[in-house]
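The values are calculated or read from the model by the stated rules, or taken from the named source; none is laboratory data. If you're wondering where the values come from, they're calculated on a predicted model, not measured in any experiment. Because the Cβ atoms are built from the backbone with ideal geometry, glycine has one as well, and the counts that use them run over all protein chains shown. Please note that ligands, DNA and RNA were not included when accessible areas were found on the heavy atoms of the full protein model with its side chains. Shrake-Rupley method; radii C 1.70, N 1.55, O 1.52, S 1.80 Å.
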Amino acid sequence: MIMITAFYFSIVFAAIMFFVAVVNWVNSRRKLSEVFEMKTILEQAEKEKKLLKEEIIRITRVGGIDESSVISLIGEISRIENNLYHMQRLIDSKQMQEVPGRKQISMAIDYMKDALQAEDYTIVPLLGTTYREGMHALVVFVEDENVSPGSSIITSVQKPQVNRGGRMIQAASITVGQNENPYS
């Protein structure tokens, strides 16, 4: 079952990369084509995006993907989002140059989230948000000098909170950065 699931998700990923290539092609054509031609191409790309989304839904129904496989995929999405978040923090602090392809990866993540949302799965966005007492999560607190003094920011998500049909099916496991140093 895992092999079949991996196969389906590799097909979906390839389709997403194809869609990104189509969008890139469309963007280069925009400079060469008239406005009317561009409208036609964009409409075709939207149709292809809709067909890809329908294909993902069909695969999940036909393949009988169980909830544990979906949660595993969501875990991988969360791991990639953590890496993108920390890359962005380094870019913002000027310790790192912009990474080519980062935006395309973000777009692919958004597309996968949309496909999951079509199946009524929701990944609760926690990364980079303020921690609040009483959140349903396993929490590890760490000292982080990059966080404003007195603040508590979620700096890493090991397991995202996953809801399906408005019901939590997985509680989050998060790391919260705090800066208790008043001289920072």
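For the reader, a short list of remarks on this structure follows.
- When the residues Phe19, Phe13 are ordered by accessible surface, computed with a 1.4 Å probe over the protein chains alone, the sequence from largest down reads Phe13, Phe19.
- Surface composition of the stretch 67-184: carbon and sulfur atoms hold 51% of the protein heavy-atom accessible area at a 1.4 Å probe.
- Close amide-amide hydrogen proximity is noted between Ala137 and no other residue 5 or more places distant or on a separate chain, at a cut-off under 5 Å (H modeled in the peptide plane; Pro and chain starts excluded).
- Heavy-atom accessible surface of Met168, to the nearest 10 Å², is about 80 Å², with a 1.4 Å probe and all protein chains retained.
- Inter-probe distance in nm under a simple model that places probes 7 Å from Cα toward Cβ, at His86 and Val22: 3.5 nm
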